[in-house]
């Protein structure tokens with residue numbers, strides 16, 4: 001049955017980390033719109049502020065990577081980039097209402113811990129000096145454990161970080177070798193002890209990828225059992241997204257043998273069972289958390305949310321002000337994306353103070369569709385009557401904005417992926433795997449899709 005569903009629904013569809021998806025951004029929205037959009041965002045909700053800072057540098061490039069990265073080159077390039085990054089951050093801070101509070105800071109990459117921790121500390125301090133933080137503000141950093149030691153971890157803690165994502169990807173060294181990634185330099189339990197020392201509330205995420213060459217059900221099961229035994233606060237099993245036409249290095253993995261979609265599903269389902277048996281709760285498409293985690297509590301209350309940085313609660317949700325090469329600011333009424341070239345980014349920031357080169361301005365209908373898809377993707381639940389009430393609209397207005405195809409809807413229902421009653425969508429356990437398909441069925445942009453997306457499975 002599951003193989004038949006995979007054959008039927010393994011299609012190209014957005015991941016919906018934004019709506020509209022980033023490949024709908026246009027160069028007609030650029031640096032000329034940047035200042036106005038950021039200033040206007042002060043009057044929209046969510047009122048809390050999230051900062052994203054992109055560090056593109058990597059000591060070693062992994063073949064699977066779909067992020068905006070570049071090799072860690074000469075110190076002069078890193079210095080020039082950090083100088084530009086601070087200029088951009090200072091500009092953005094100057095445009096924001098200082099009565100607003102910061103609920104989240106997130107460093108991503110690339111590999112943020114490829115550069116000196118003192119530089120990260122300086123960037124955090126610029127934000128700390130300008131704004132008050134919410135009570136449970138999340139100061140997070142993505143790290144490669146191959147480049148972590150005690151002194152670096154202590155420096156990150158001194159910089160204010162309280163959530164650490166360890167990009168393990170797989171504990172199997174043969175798999176890591178095939179994808180050009182180094183294993184952790186220190187035993188993971190030692191890293192965890194260092195992070196928790198002095199502040200047990202510091203949170204730890206483990207990140208893994210399934211669908212890589214060399215992975216088998218047996219090997220990935222061993223990896224996930226090992227991970228569960230370490231008991232991280234959160235654990236993520238990302239599905240490898242194969243887009244070699246966009247990310248050229250991924251072509252290498254084709255020669256090394258990528259698992260079939262049916263095997264990918266088995267890898268995920270096996271990992272999910274191991275984690276659930278170990279007491280973890282499933283969140284969204286790929287996250288697993290402990291039962292007392294705020295994300296699981298939010299899911300139970302149907303208040304889970306997400307931004308480009310991942311799942312979050314309503315409290316930590318903020319409009320995202322992103323700085324750095326390729327970074328996307330995720331505002332209530334607009335998306336603004338920076339140049340994807342490090343050299344061009346530096347040149348634009350130093351020349352005009354903004355590196356924004358494309359984006360998207362949302363109309364009221366698109367804001368409504370975004371809320372509907374986000375609600376469905378995060379909470380596996382969407383009540384159109386409640387949505388209409390929150391938006392102060394008639395139900396008919398909501399139905400007209402969304403693309404609801406009765407025959408398509410009935411297929412999902414008949415296949416056991418969805419229930420639909422009184423304009424209330426509820427994703428079933430079986431439907432969780434195909435939630436991107438269901439979300440796409442509500443998206444008017446997918447009626448005649450013209451953009452490239454990864455496969456849903």
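The values are calculated or read from the model by the stated rules, or taken from the named source; none is laboratory data. Every value quoted in this text rests on a predicted model; they were computed, and no experiment measured them. Heads up, the Cβs are rebuilt from the backbone with ideal geometry, glycines too, and the neighbour counts pull from every protein chain shown.
In contact with a strand residue (DSSP E or B) (Cβ under 9 Å, 6 or more places away or on another chain), in the same structural domain as residue 141 (by TED's automatic domain parsing) and either farther than 30 Å from residue 137 by Cβ or in a helix (DSSP H, G or I) (or both), is that true of residue 267? So residue 267 fits the description; yes. Which of the residues belonging to segment 122-150 are under 21 Å from residue 203 (Cβ atoms), surrounded by fewer than 16 Cβ atoms within 10 Å (Cβ to Cβ), in contact with a helix residue (DSSP H, G or I) (Cβ under 9 Å, 6 or more places away or on another chain) and free of Cβ contacts under 8 Å to residues at least 60 places away in the same chain? Result: 149, 150. Quick check, is residue 321 assigned to a strand (DSSP E or B) and either touching a helix residue (DSSP H, G or I) at 6+ places or on another chain (Cβ under 8 Å) or surrounded by 22 or more Cβ atoms within 10 Å (Cβ to Cβ) (or both)? Criteria met by residue 321. Screening residue 349 against (1) under 20 Å from residue 108 (Cα atoms); (2) part of a strand (DSSP E or B) leaves a single unmet condition, (2).
Being modelled with pLDDT under 95, out of contact with any helix residue (DSSP H, G or I) (no Cβ under 6 Å at 6 or more places or on another chain), buried (at least 16 other Cβ atoms within 10 Å of the Cβ) and outside any loop (DSSP other than H, G, I, E, B): is that true of residue 107 here? Judged against the criteria, residue 107 is not a match. Taking the condition closer than 30 Å to residue 241 by Cα, in contact (Cβ under 8 Å) with a residue 24 or more places away in the chain and surrounded by fewer than 15 Cβ atoms within 10 Å (Cβ to Cβ), does residue 26 pass? Yes; evaluated as a whole, the condition is true for this residue.
Taking first residues from segment 157-173 that are within 19 Å of residue 220 (Cα to Cα) and partners that are at pLDDT below 95 and in a strand (DSSP E or B), the Cβ contacts under 9 Å between residues at least 6 apart in sequence or on separate chains come to 169/238.
Would you say residue 66 is more than 23 Å from the chain's Cα centre (by Cα), within 30 Å of residue 242 (Cα to Cα), outside the structural domain of residue 438 (by TED's automatic domain parsing) and part of a loop (DSSP other than H, G, I, E, B)? Against the criterion (more than 23 Å from the chain's Cα centre (by Cα), within 30 Å of residue 242 (Cα to Cα), outside the structural domain of residue 438 (by TED's automatic domain parsing) and part of a loop (DSSP other than H, G, I, E, B)), residue 66 does not qualify.
Residue-wise test of (1) in the same structural domain as residue 62 (by TED's automatic domain parsing); (2) under 24 Å from residue 119 (Cβ atoms); (3) part of a loop (DSSP other than H, G, I, E, B); (4) at pLDDT 95 or above.
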| residue | (1), (2), (3), (4) |
| --- | --- |
| 164 | yes, yes, no, yes |
| 168 | yes, no, no, yes |
| 174 | yes, no, no, yes |
| 184 | yes, yes, yes, yes |
